[in-house]
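Data first, discussion second: the structure below is written as C-alpha cells.
A short reminder: the numbers here are calculations on the coordinates, not readings from a lab. Only a predicted model underlies this, so the values are computations on that prediction, with no experimental measurement involved. Positions of Cβ are generated from backbone atoms using ideal geometry, with glycine treated the same way; all protein chains shown enter the neighbour counts.
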Amino acid sequence: MRGESFRLKKPDEIAKMSHSGEILGACLEHVANHVAPGVTLNALDREADTFIRDHGCIPGFIGYDGFPKSICISVNNEVVHGIPSERAVQEGDIVSLDCGLILDGWWADSGLTVPCGTVAQEMQDLITVTQEALYRAIEVARPGAHIGDIGHTVQTYVESHGYSVVKHYVGHGIGRDMHEPPQVPNYGKPGTGNELKPGYVIAIEPMVNMGRDGVRTLDDNWTVVTQDGSWSAYAEHTVAITEDGPHVLTVRPAERSLLASRKCAVG
Amino acid sequence: MTVGFSAWRTHNCSAGFIPQCPCTVRDVFLNVQQASLPSANEHNRWLFWGVSCCFALPAGMGTQRICSLTA
C-alpha cells in the first residue's frame, strides 16, 4: 500500500479535502467545456495542468506510478487511464475525463464522461446512466451502510439498463494518498464489506460498458479498453462520510444544485 | 484514478467478491499479507488494502504474477 495506513479523517481534515475537491470540481468543469471536435487530448491535458497549478495545487496524476500526464482521457471504447496525445476528438465521441490534484497534502480525485458535440442517443443514454449510478451510490454512502451496498446499488441500476459494470477496476479510499483502503467495487452484495463510519473518505467511480464487462490493458501499460470493443463511460466523485450523510467534496459548479437536492452535502 | 482489483474468496471473506484467481490456496491472502513487498519500483509494488480479503495492483499487473509470488 502506498503511504500511510487507512484511518478515519477528522472533520478539519475533511474540510481541507473539501478545498482540494472544490478546485478539482471546477477544473473538471473547465476542461469539459473545452471538449469539442478537433481539440486534441494534449490540449485538454494542458488546460487541466494549467488550471490546477494556477489554483495553487499540484497535479496528482503526472508521475503517479509513471503516468505521464496530468489527466486521464479515455475515448469511446477506452474505459480508464487513457494517456493524452495529439489525437483529436471527433464529433460523436464520448470523452471520459479523470483528474486528481493535491492541495496542502490532501488529494482529490474525480471525473466524468462528456459528449463531443452531438452524440448518438444510445451514447448519451450510456453517459446518463453512468452518472445516475454514481449519484445513487453516493446517496447510500452514509454511516451504517456497507461498501457492498454501494457496489450493489451501482450494479443493479446499471444492469437494469442492459449495461455491465467493470469489475477489474475499483474505487478506493483517499486522503493523504490517492489510493487508500478500502476498495470500493462497483458490484457486491448488500450488507457486506466494510461498514461506513463518519470519517471515511472514498472515491466512488462506476465504469460502465455498453457490452460485456471484460477489459484489457493496451501495450502502453495504462490505457484500459473493453475487450469486446463496446463503448464505455465513467463517473467519479470523492465523497466524505459524515454524521449527516454523504458529503460530495468534488462537486462541479454545474451540478451543485442537483446534488444538493439528492440528500447529499456538497462543497 | 481507479485501481486494479484482484480478490479471492477466503474463509475470512464476508464480502462475496467474485474469485478471479486460478490459485486454489485458500489462505493465499494471509501468505501475501506476510510476504515482503517487492520494491524494485513503484509500479511493481504491492498495494495491500487492509480489507479482509482483498488487495489490488496497479494497472498492467495480472493475477498470474500474484500466484507465482505467493505459491
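Here are a few things to note about the model shown:
- Residue within the range A:18-31 that is touching a residue at least 60 places away in the same chain (Cβ under 8 Å), surrounded by fewer than 21 Cβ atoms within 10 Å (Cβ to Cβ) and not in a helix (DSSP H, G or I) present: no
- Count of residues meeting criterion [assigned to a strand (DSSP E or B), over 23 Å from A:Asp228 (Cα atoms) and among the polar types (S, T, N, Q)] in the range A:64-117: 1
- Cβ pairs under 6 Å, 6+ apart, first in the range A:150-169 and more than 10 Å from chain B (Cβ to nearest Cβ), second part of a helix (DSSP H, G or I) and of a type in the set (D, E, K, R): A:Thr153/A:Arg136; A:Tyr157/A:Arg136
- Every residue from the range A:42-57 that is closer than 28 Å to A:Val119 by Cα, crowded, with 21+ Cβ neighbours inside 10 Å and among the aliphatic types (A, V, I, L, M): A:Leu44, A:Ala48
- Selection of the range A:170-191 for residues being in a strand (DSSP E or B), facing another protein chain (nearest Cβ under 7 Å) and buried (at least 24 other Cβ atoms within 10 Å of the Cβ) yields A:Val170, A:Gly171, A:His172, A:Gln183.
- Residues being assigned to a strand (DSSP E or B) and within 14 Å of chain B (Cβ to nearest Cβ) are entirely absent from the range A:125-142.
- If the condition is being in a loop (DSSP other than H, G, I, E, B) and either charged (D, E, K, R) or within 25 Å of A:Trp106 (Cβ to Cβ) (or both), then the range A:192-217 contributes A:Gly193, A:Asn194, A:Leu196, A:Lys197, A:Pro198, A:Gly199, A:Tyr200, A:Glu205, A:Pro206, A:Arg212, A:Asp213.
- Candidates A:Ile102, A:Ile62, A:Ile83: the one that is within 14 Å of chain B (Cβ to nearest Cβ), surrounded by fewer than 24 Cβ atoms within 10 Å (Cβ to Cβ) and farther than 18 Å from A:Leu24 by Cα is A:Ile83.
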